[in-house]
Amino acid sequence: MMWAVLGLVVAALLACGSSPSANGPPQFVDRGWAAGLLDSTVGGPVGEKNHILEANTGGAALVDIDADGDLDVFLVNGWRFGLDPAAADAPSARLYRNQGDGTFVDVTRASGIAHRGWGMGCAAWDADGDGWTDLFLSVAGQDVYYHNEGDGHFVARDDARFGDGGWTTGIGAADFDGDGDVDVYLAHYVDLPTALARVEPDGAPPPCTWRGVAAFCGPAGMPGAADLLQFVDAAGVYQDHSDRLQPWPQYFGLGVIAGDFDADGDADIYVADDSMPNLLYRNSKARFEDIATTAGVAVSMDGRQQAGMGIAAGDVDGDGRVDFVVSNFSHDHVSIYTSRGPALWEDASYAHDVGRRTLATLGWGMGLFDADNDADVDLFVANGHVYPDVGGAGIGTSYRQMNQFFDNEGGILRDLSRQSGPGLQVEQSSRGAAFGDLDDDGDVDVLVINLDATPSLLFNEGGNRQGWLSVQLQGRGKNRSAIGASVEVTANGRRQRREVRAGTGYLSQDDHRLHFGLGMATVAVVRVRWPNGAWQDIGEVAARQQLHVLWRDADVTPLGE
């Protein structure tokens, strides 16, 4: 395939209708039902959670599956014990195509992607370089790689041997071995046969308790499951390379994110573990050493193992380095790990509102993104408990909870949930969340999965009053999605960097287009660093537009130069 020398396509400017001005809080408005997202996410009987399998599903993806330039919606779904898979009303994964007018049409049946069973999460990228984005589904059971045929139809590629038959949760994908294709790390939760052996008879109450509340058992008291690292071979087959993980513990893995976290040019792996220390695998020539303890991201500031769910990575304090945010169980706080060097972080949760304002909530999906386009990253957290009866226990929490928005004010995250629109005043038991500009108006919207309810589609109203830039990268070969590439944008003397990632938040997939808020700037200087280390200088561009950048050959220079 021939590639353009510069390969820069500038899309039409998107008019905003108002001049740039100082932003108030973004106003999130839920239009999920009106937009046509009418199917609920299932996890056991409605209002009951008698088994650990019934509590954890809920991944979602915002991805352009038909290459028409806008974001479509993919929703993972769970299951119920004893349900007939052939039943006409059995729940399945759902795929909705964006109509371009604020509505979505259900194309699940025509797409061939109606997975039935204990689905958990998803990720998306073009696995074979044919120009169409494929979908990857993690399952308590056999994981699935759905190949996009380019005609609106997907085919399950069983011959690729993606994943396994255990209880897979988070997917983090990148070119871990530097050979030009996208490899995968798959987190595993509880040993599946052990979990299934704890299924109680129909109508039996949960056999365990938590703080005096009747509760399903686990994960404590159950064996964990070893995570899986797979590299893609020349034939497109996923081969097990888990022996490259040192150590290779059997923890309760949930959220995973892959990226260059230590700025050395290769992809590392961070894993949120439930009731166990988190893992940070540092990549050294495609071999991985867990440095989470010495790096300061394994446990809380006081040395406690927490119950990690989802992960977000971004530059919270504007120092040019990657910080981490990890959501945790109730009666604990969301953790913010601030970078202090290439492989060193500090738990700074209580320097932000996040420390004290998340003690009563149970966090899942999350994202660091510039909601108000003021050139810093804000935080969204999707919340919801796992025990339906917890609200009557008098212990300061509830099953259905409000989601939260924290605005970045000078590097400090402030809780503005009550001021950020009616979409944040709704109480549900939420799980995964995915982030992207659904209506192409220059600000980032949020898709949130609600257990036993229809999803929330939170359109961001007013976030585009300031300058912004959206950058879509097109890679080459078997990494056409440019996973692991990063974009550096400088405007008004402020430098920002974002990385294209496959697998984000809690078991979900964000828009591959990288969004930058520019504040009052009207122009910005753009550079791209491709996965092979080559820098491509785009130069100065006008604000308030979408850029499409193709990979071209360029000089390889050290990261940061």
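The values are calculated or read from the model by the stated rules, or taken from the named source; none is laboratory data. These numbers come from a predicted model, not from an experiment. When we count neighbours, we look across all protein chains shown, and the Cβ atoms used for this are built from the backbone with ideal geometry, even at glycine. Ligands, DNA and RNA are stripped out before the accessible areas are found, and what is left, the full protein with its side chains, is counted by its heavy atoms. Shrake-Rupley method; radii C 1.70, N 1.55, O 1.52, S 1.80 Å.
Summary of computed values
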quantity: Only listed residue being farther than 23 Å from Tyr270 by Cα and open to solvent by 10 Å² or more (accessible area, probe 1.4 Å), chosen from Asp151, Asp191; calculated: Asp151
quantity: Subset of segment 347-388 that is of a type in the set (Ser, Thr, Tyr) and in a loop (DSSP other than H, G, I, E, B) - its residue that is farthest from Ser430 (Cα to Cα); calculated: Thr358
quantity: Residue in segment 80-91 that is among the small types (Gly, Ala, Ser) and closer than 18 Å to Val448 by Cα present; calculated: no
quantity: Residues within segment 48-103 that are touching a Ser or Thr at 6+ places or on another chain (Cβ under 9 Å) and of a type in the set (Val, Ile, Thr), tallied; calculated: 4
quantity: Number of positions in segment 278-321 that are open to solvent by 30 Å² or more (accessible area, probe 1.4 Å) and of a type in the set (A, V, I, L, M, F, W, C); calculated: 2
quantity: Residue that is farthest from the chain's Cα centre (by Cα) [pool: residues in segment 248-270 that are crowded, with 21+ Cβ neighbours inside 10 Å and of a type in the set (A, V, I, L, M, F, W, C)]; calculated: Phe252
quantity: Test set (1) part of a loop (DSSP other than H, G, I, E, B); (2) within 16 Å of the chain's Cα centre (by Cα); (3) aromatic (Phe, Trp, Tyr) - Trp132 fails condition number; calculated: (2)
quantity: From the options Ala160, Ala204, residue that is in contact with a Gly (Cβ under 8 Å, 6 or more places away or on another chain), more than 23 Å from Asp290 (Cα to Cα) and small (Gly, Ala, Ser); calculated: Ala160
quantity: Failed condition for Val426, given (1) open to solvent by 20 Å² or more (accessible area, probe 1.4 Å); (2) β-branched (Val, Ile, Thr); (3) under 18 Å from the mean Cα position of the chain (by Cα); calculated: (3)
quantity: Pair list, Cβ under 7 Å, 6 or more apart: segment 73-85 residue among the charged types (D, E, K, R), other residue surrounded by fewer than 24 Cβ atoms within 10 Å (Cβ to Cβ) and part of a loop (DSSP other than H, G, I, E, B); calculated: Arg80/Val42; Arg80/Gly44; Arg80/Pro45; Asp84/Ala90
quantity: Entirely in segment 441-549, the strands (runs of 3 or more DSSP E) that have 3 or more residues that are open to solvent by 10 Å² or more (accessible area, probe 1.4 Å) and closer than 26 Å to Ala187 by Cβ; calculated: 494-499
quantity: Subset of segment 62-121 (residues that are closer than 29 Å to Gln546 by Cβ and in a helix (DSSP H, G or I)); calculated: Thr108, Ala110, Ser111
quantity: Enumeration of residues in segment 389-406 that are buried (at least 21 other Cβ atoms within 10 Å of the Cβ) and either out of contact with any helix residue (DSSP H, G or I) (no Cβ under 7 Å at 6 or more places or on another chain) or part of a strand (DSSP E or B) (or both); calculated: Val390, Gln401, Gln404, Phe405, Phe406
quantity: Hits in segment 207-225 - residues which are in a loop (DSSP other than H, G, I, E, B) and surrounded by 15 or more Cβ atoms within 10 Å (Cβ to Cβ); calculated: Phe216, Cys217, Gly218, Pro219, Met222, Ala225
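Here is a yes/no grid of residues against (1) open to solvent by less than 10 Å² (accessible area, probe 1.4 Å); (2) within 19 Å of Ala226 (Cβ to Cβ); (3) touching a Leu at 6+ places or on another chain (Cβ under 6 Å); (4) assigned to a loop (DSSP other than H, G, I, E, B):
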| position | (1), (2), (3), (4) |
| --- | --- |
| Phe162 | yes, yes, no, yes |
| Gly165 | no, yes, no, yes |
| Gly178 | no, no, no, yes |
| Glu200 | no, no, no, yes |
| Pro205 | no, no, no, yes |
